[in-house]
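Okay, so here's the structure we're looking at.
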Amino acid sequence: MSDDILISADRLTVGYPLGNSILRKSVLKAVNEVSVHIERGSFFGLVGESGSGKTTLGRALLKAAPITEGRAIYRDDEVEYDLSTLDGAELKDYRKRAQLIFQDPYAALSPRMTVRDIIAEPLEVMGLTASRQETDERVREIAAKCRLNLEHLRRFPHAFSGGQRQRISIARALVSGPKFVVADESVAALDVSIQADVLNLLKQLQSDLGLTFMFISHDLSVVAHTCDHVAVMYLGRLVESAPTRKLFAMPRHPYTRALFSAIPSLDPDDRGKAQKLEGEIPSPLNQPPGCKFHTRCPNAIDRCKREEPRLEDPGDGHEVSCHRWRELLETVPA
Amino acid sequence: MSSLIDVENLTLQFRTDEGLVTAVDDVSFSLAKGEVIGLVGESGSGKSVTAKSLMHLNARNALYAPQSKITLYTDAGEVDVLSLRTARELNVVRGGAISMIFQEPMASFAPAITIGSQMVEQLQLHGDMSKAQARKISVEMLDRVGISDPHKRIDQFAFELSGGMRQRAMIAMALSTQPKLLIADEPTTALDVTIQAQVIDLMKDLVNEFHMGIIFITHDLGVVAQTADKVCVMYLGRMVEEGPVREVIRHPKHPYTRGLIQALPRLDDLDSPLTPVPGDIPSPLERPSGCVFHTRCQEILGDICKSALPHDTQLDATHRVACHLHDTKEVGA
Ligand SMILES: Nc1ncnc2c1ncn2[C@@H]1O[C@H](COP(=O)(O)OP(=O)(O)O)[C@@H](O)[C@H]1O
Ligand SMILES: Nc1ncnc2c1ncn2[C@@H]1O[C@H](COP(=O)(O)OP(=O)(O)O)[C@@H](O)[C@H]1O
Ligand code: SF4
Ligand code: SF4
Ligand SMILES: [Mg+2]
Ligand SMILES: [Mg+2]
């Protein structure tokens, strides 16, 4: 594993056992043999329709979903952990290095907690500070970095706007001083006017604090503007993965192309130009044979129904998993 | 084009423990038959409250100012919506001439009743027909919106359907009574872009087929560009700009509209920085004086914006804006 990689997953699988019938145990594979390498200090984007396994992959890398096959290695300047076997004191240590930004933390918190208490809770739970004074100091420090008004620390969050709440949520995730942060749909519920502000803040924090982000979003425009690298998931599989510019300049996978095409254009004269993707993502319990995308793919051929394509890197760092990507690049313009 | 609904000087406050909250302030607009209006603005700007007013559907603590007037034009004549009182009278607008669909389809379905029973019940309430006829129409409508096996689906519960199918079933139910006006309140916000594109397509087809007017509420200007004829932009209860979709998106005249468009992450320009509208939307309990947008406006002119309410300026026959930057044009006009 090279020095500039923070997290490296190798054929990582998350399987959930379902209803143990006597004859056979069925397993729901929410993430299926996914390999990714996340560079230190990068903004790694993860996209795909809901149900594609984005949240589960993020949680697996945070050691909050079970890695049932394959493995994932985390390595920073101080430690190296194998996430598939991590436990005990090392797991405790990993919790402060890897954190999740909740979309709306208040859903899970007592409305009687002040902003200060919300941000301080991870420090207290993990016992990272020796005194209340030290806790307060850390809270103030991170709150300032997240551009929160320090006078607001004594208030209750219900009074705050969506943008302010999201900044509180970010401060809570960063207070333990993590190196790896998963932001799962962190701006999805925000108005565009405020979304830009939160995205700019995340970028600022990344460079100030040397963070590595996994940025999960169903909004491709947001991902295009925020991430250095983008991975596209479908039904638990990684179907395409590339540096952002490459991916958006020339998407290779029919699914990625369909996702791009579905984004409503801001040009009223572009109406009806979108190539529509029919149907919906199948249930992971009822996975099609062959290429998982063949039931909806406009380019599917017989081979696709039988044989599953593998993720390949043709040598330019732009990985794709499709039998026909080369031929389609020439014949079907993106 | 003949008017389907006229909204004049709609002003609405809510009585709350903390005092009177102004949700809609002197809003006027018209919708023609077969026209699609995109209603945009950030959360709290009064979009949903405005839309619900058209069905006289706001909460009990709502207080309509006396000058507010909503006129619906039906085949049977004009209806003064805000004067409707009894459930019987209100049936004309609720689910009759006007139907509404929501972001969360489950909000339209009663959890313990099958999709079919609910559709039949609604059809019988609004039209003189037998149960068998109502069921037949319901099946046809489910089929029309692209639900496979409509004969089977009709006896299922909404929660048994996938997200996209539920959205379609909700649309089928809303349209089965053949309303003249469909209000769609963020119907695609929670959907994946792929399913959103399908639902938008379906809605466009249905508008053409049934020649309905639509008020499409969304915060996504891309969705507006793809669906609307006309755009209305709201901020803190005020309608700050109204015009044809091409005009408003290409040549926005209100600083708030310009801000919303600049804040969008655009796929055709990955190098441009993201520019937020600075600051947060103020609490409705602390409405700014003068122009309600002045606390966040980057083109603020000075004291006049802080003290005087900008009035509508008609830039041309179809484009109007409420901002002091355009006051002079009114004098010239
Ligand atoms: N704890 C769990 N038990 C069983 N199935 C799960 C669990 N968590 C997620 N899933 C399933 O795994 C699939 C992927 O889910 P998720 O990772 O949430 O996708 P995404 O974030 O891309 O929407 C879905 O079909 C979901 O229902
Ligand atoms: N029943 C109610 N009681 C008090 N205030 C309300 C009620 N319904 C809406 N409001 C207020 O009216 C304003 C406009 O709300 P709404 O129309 O829902 O905004 P939007 O749909 O644009 O997000 C908000 O400030 C909201 O809090
Ligand atoms: S392998 Fe076949 S079905 Fe799968 S994406 Fe490629 S062309 Fe489509
Ligand atoms: S009236 Fe003044 S504050 Fe309001 S939008 Fe126009 S320039 Fe800005
Ligand atoms: Mg998710
Ligand atoms: Mg609303």
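What per residue convex hull volume, in Å³, do the alpha-carbon atoms of the range B:1-76 yield?
Normalising the Cα hull of the range B:1-76 by residue number yields 101 Å³.
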Chain B: angle of helix B:163-176 to the longest principal axis, Cα-based, in degrees nearest 10 = 80
task = Among DSSP beta bridges whose residues both lie in chain A, state the antiparallel percentage, nearest 5.
result = 60
key: With every protein chain in place, the range A:5-331: carbon and sulfur % of accessible area (1.4 Å)   = 47
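Could you tell me what a quarter of the Cα convex hull surface of the protein assembly as shown works out to, in nm² with one decimal place?
33.7
Using alpha-carbon pairs under 8 Å, 6+ residues apart, how would you state the relative contact order of the range B:107-178 in percent?
Dividing the mean separation by the residue count of the range B:107-178 yields 41 percent.
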Within 10 Å of each Cβ in B:278-287, the average number of Cβ atoms from other chains = 3
Tilt relative to chain A, helix A:88-97 - C-alpha long axis, 0 to 90 degrees, to 10 = 90
inquiry  = Explain nothing, just compute: Karplus ³J(HN,Hα) = 6.51 cos²θ - 1.76 cosθ + 1.60, θ = phi - 60°, for every residue of the range B:90-100 in order, whole Hz, x for Gly and Pro.
reply    = 5, 3, 4, 9, 7, x, x, 6, 10, 10, 10
D (Stokes-Einstein, µm²/s), Kirkwood Cα radius, chain A, 1.567 mPa s at 4 °C = 61
key: Table column - 3J(HN,Hα) (Hz), the range B:302-318, Karplus curve with 6.51, -1.76, 1.60, x for Gly and Pro   = x, 4, 4, 5, 7, 10, 10, 5, x, 9, 4, 10, 8, 6, 8, 4, 10
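Among all stretches of chain B without exposed trypsin sites (Lys or Arg not before Pro) (DSSP loop, at most 12 other Cβ atoms within 10 Å), which one is longest? Write down the numbers at each step before the final one.
Numbers: sites that count: B:Arg60, B:Arg85.
Maximal segment without exposed cleavage sites: B:86-333.
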query = Can you give the % of DSSP beta bridges in the range B:63-205 that are antiparallel, to the nearest 5?
reply = 45
Solvent-accessible area buried by A and B, counting both chains, probe 1.4 angstrom, square angstrom = 3600
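If you wrap chain B's Cα atoms in a convex hull and average its projection over all directions, what's the area in nm²?
18.7
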task = Kindly write out, for the range A:150-156 in residue order, the coupling ³J(HN,Hα) from the Karplus curve 6.51 cos²θ - 1.76 cosθ + 1.60 (θ = phi - 60°), rounded to whole Hz, with x marking Gly and Pro.
result = 5, 5, 6, 4, 8, 8, 9
note = Rounded to whole angstroms and listed largest first, the alpha-carbon spread of the range B:201-333 along its three principal axes comes to 50, 39, 31
task = Over the whole of A:159-170, what's the average partner chain Cβ count within 10 Å per residue? Rounded to a whole number, please.
result = 2
ask   = Could you give the accessible area per residue of chain B, probe 1.4 Å, as a whole number in Å²?
value = 43
note = In chain B the DSSP beta bridges are antiparallel at a rate, in percent to nearest 5, of 65
Within the protein assembly as shown, helix-based [θ] at 222 nm, where runs of 4 or more DSSP H residues each add -39,500 (n - 2.57), nearest 500 = -9000 deg cm²/dmol
task = Would you please calculate the Kirkwood hydrodynamic radius of the range B:37-118 over all C-alpha pairs and express it in Å, rounded to one decimal?
result = 14.7
ask   = Of the residues A:Val27, A:Val125, A:Val139, which exhibits the maximal mean-square fluctuation in a Gaussian network model of chain A defined by a 10 Å Cα contact cut-off?
value = A:Val125
message = Which three numbers, in whole Å and largest first, are the semi-axes of the equivalent ellipsoid of the range A:85-133 derived from its Cα gyration tensor as √(5λ)?
response = 23, 16, 8
task = Enter the accessible area per residue of the range A:1-154 (Å², integer; probe 1.4 Å; all protein chains in place).
result = 52
Number of partner chain Cβ atoms within 10 Å, mean per residue of B:211-219 = 1
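The values are calculated or read from the model by the stated rules, or taken from the named source; none is laboratory data. Just so we're clear, the structure is a prediction, and the values are computed from it rather than from any experiment. As a convention, Cβ positions derive from the backbone with ideal geometry for all residues, glycine included, and neighbour counts pool all protein chains shown. Heavy atoms of the whole protein, side chains included, go into the accessibility calculation; ligands, DNA and RNA do not. Shrake-Rupley method; radii C 1.70, N 1.55, O 1.52, S 1.80 Å.
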